[in-house]
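The structure appears right after this line, and notes come after that.
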Amino acid sequence: MKIAVVGLGNIGFNLFLYLNKKFPSSVIGVDIDASRVNELRNQGYRVTTDYRALTGIDTWLLAPSTGDQGENLFAALREMIICPGALISIESTLPPGTMELVRKYLEGKGYQCGQDVYLIHVPHRVMFGVDETVCDTPRVMGAFTQACLDKGRQFYGALVPQLVEVQDVRIAELSKVVENVKRYVDVAFAQELYRYCVDNELDFEVLREAVNSKSNVELLGTDWGIGGECLPKDMRFLRKVCPSPLLEGAAKADQEYRDRILQQVGSDQIVLIKGVSYKTGVKDLKHSRGVELVRALEAAGHIVWVEDSLFTPEELETAGFKTVAKNDEAITQNCIVLERGKALK
């Protein structure tokens with residue numbers, strides 16, 4: 001069996017590593033980012049930027065960053081050399097309706113789903129910092145035909161703890177988007193309550209502890225705003241097909257929350273930001289609202305210093321931040337301190 005993983009970002013590379021352990025010497029990765037591919041090659045991984053090197057592939061697993069219109073997915077499909085009988089699994093989160101466009105694209109190339117190729121959608125699920133791999137959690141699988149579902153089960157059945165099969169592929173598309181939007185709304189709700197607590201001199205963390213003492217309730221914590229790549233993107237996906245005052249309100253509430261953090265600083269201040277990774281416990285600066293806050297404060301004329309326990313001062317400086325030496329009390333005593341989870345004053 002020959003397996004190709006398309007897209008070697010956080011999700012795709014995690015999948016690539018997991019499959020390499022399960023199927024040694026059977027997996028190759030492809031990514032259009034030449035620097036990323038060279039980096040992985042130097043670490044000994046079998047990866048390429050050239051789709052022409054991917055011949056005789058039995059199973060395609062597509063995990064590129066989707067793009068707002070699914071453009072990255074279709075760019076990959078146009079490059080793939082698809083053999084009859086191949087399984088094509090799309091793991092990227094998709095705008096609802098994309099799988100129908102993929103089916104039509106393949107039919108336009110002469111492939112009939114369930115006969116010539118087997119097309120499935122198995123949206124990835126992973127909580128980085130909690131799950132070790134993208135296959136640690138039950139996965140949803142949808143397809144257009146029973147034959148495609150059967151083929152997908154043969155591959156994924158032994159890889160994941162539970163495979164939740166749905167007959168309507170649109171349900172599979174929506175399931176992942178809804179998961180992320182549900183969390184978006186929950187975070188926005190927490191931010192609104194946090195703002196209320198600050199305005200009324202209440203302790204938000206004590207409120208959380210009280211509310212969360214009920215087993216079926218979870219009031220989430222707050223951050224610099226709702227960041228990362230997935231939640232804002234999936235909110236856009238769902239709002240496009242499901243216009244809703246609730247969803248619009250959540251998006252507006254998050255923007256107002258982030259605006260208030262910025263506005264409360266005032267003018268011509270020295271500011272210390274504690275915590276800039278895109279979320280607590282994950283060493284990654286991409287799509288971080290904390291990074292956005294630093295840059296916005298700098299653009300407004302403030303002097304901004306940064307601390308983050310996940311990064312060394314050298315790493316932060318390489319990323320373009322000013323850092324504070326531990327013994328530099330003059331700065332820390334004469335600045336406004338904004339701390340992750342305690343952003344409002």
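The values are calculated or read from the model by the stated rules, or taken from the named source; none is laboratory data. Just so we're clear, the structure is a prediction, and the values are computed from it rather than from any experiment. Ideal geometry is used to build each Cβ from the backbone, glycine not excepted, and the neighbour counts take in all protein chains shown. Just so you know, the surface numbers come from the protein's heavy atoms only, side chains and all, with ligands and any DNA or RNA stripped out. Shrake-Rupley method; radii C 1.70, N 1.55, O 1.52, S 1.80 Å.
Key figures for this structure:
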| item | result |
| --- | --- |
| Condition met for residue 250 (within 20 Å of residue 222 (Cα to Cα), without any contact (Cβ under 8 Å) to a residue 40 or more places away in the chain and surrounded by 16 or more Cβ atoms within 10 Å (Cβ to Cβ)) | no |
| Close pairs (8 angstrom Cβ cut-off, 6 or more residues apart or separate chains): free of Cβ contacts under 8 Å to residues at least 12 places away in the same chain in region 137-165, open to solvent by 30 Å² or more (accessible area, probe 1.4 Å) and not hydroxyl-bearing (Ser, Thr, Tyr) anywhere | 157/163 |
| Residue within region 89-104 that is over 22 Å from residue 166 (Cα atoms) and either out of contact with any Pro (no Cβ under 9 Å at 6 or more places or on another chain) or of a type outside the set (D, E, K, R) (or both) present | no |
| Residue 267, sole failed condition from (1) without any contact (Cβ under 8 Å) to a residue 40 or more places away in the chain; (2) assigned to a loop (DSSP other than H, G, I, E, B); (3) buried (at least 16 other Cβ atoms within 10 Å of the Cβ) | (3) |
| Verdict on residue 185 being open to solvent by 30 Å² or more (accessible area, probe 1.4 Å), out of contact with any strand residue (DSSP E or B) (no Cβ under 9 Å at 6 or more places or on another chain), of a type outside the set (Asp, Glu) and closer than 22 Å to residue 124 by Cα | yes |
| Selected residue (only one of 52, 41, 36, 103 is closer than 26 Å to residue 173 by Cα and charged (D, E, K, R)) | 103 |
| Region 1-44: number of residues that are touching a strand residue (DSSP E or B) at 6+ places or on another chain (Cβ under 9 Å), β-branched (Val, Ile, Thr) and farther than 15 Å from residue 134 by Cβ | 3 |
| Scan of region 253-264 for residues that are among the charged types (D, E, K, R) and surrounded by fewer than 19 Cβ atoms within 10 Å (Cβ to Cβ), ordered by number | 256, 259, 260 |
| Single residue of region 1-56 satisfying the filter (touching a Ser or Thr at 6+ places or on another chain (Cβ under 7 Å) and among the β-branched types (Val, Ile, Thr)) that is nearest to residue 89 (Cα to Cα) | 3 |
| Top-ranked residue in region 81-90 [being in a loop (DSSP other than H, G, I, E, B) and of a type in the set (Gly, Ala, Ser); ranked as nearest to residue 237 (Cα to Cα)] | 86 |
| Count - residues of region 68-90 that are touching a Ser or Thr at 6+ places or on another chain (Cβ under 9 Å) and open to solvent by less than 20 Å² (accessible area, probe 1.4 Å) | 7 |
| Of all residues in region 91-118 being assigned to a strand (DSSP E or B) and open to solvent by less than 40 Å² (accessible area, probe 1.4 Å), the one that is nearest to residue 146 (Cα to Cα) | 113 |
| Output for region 57-66, where each listed residue is of a type in the set (Val, Ile, Thr) and under 25 Å from residue 95 (Cβ atoms) | 59, 66 |
| Considering residues of region 273-301 that are crowded, with 20+ Cβ neighbours inside 10 Å and over 17 Å from residue 232 (Cα atoms) only, the residue farthest from the chain's Cα centre (by Cα) | 297 |
| For residue 135: the one exception among (1) part of a loop (DSSP other than H, G, I, E, B); (2) surrounded by fewer than 17 Cβ atoms within 10 Å (Cβ to Cβ) | (2) |
| Residues located in region 30-58, provided they are within 17 Å of residue 87 (Cβ to Cβ) and buried (at least 18 other Cβ atoms within 10 Å of the Cβ) | 30, 54, 57 |
| Tally of residues being in contact (Cβ under 8 Å) with a residue 12 or more places away in the chain, open to solvent by 50 Å² or more (accessible area, probe 1.4 Å) and basic (Lys, Arg) across region 201-247 | 4 |
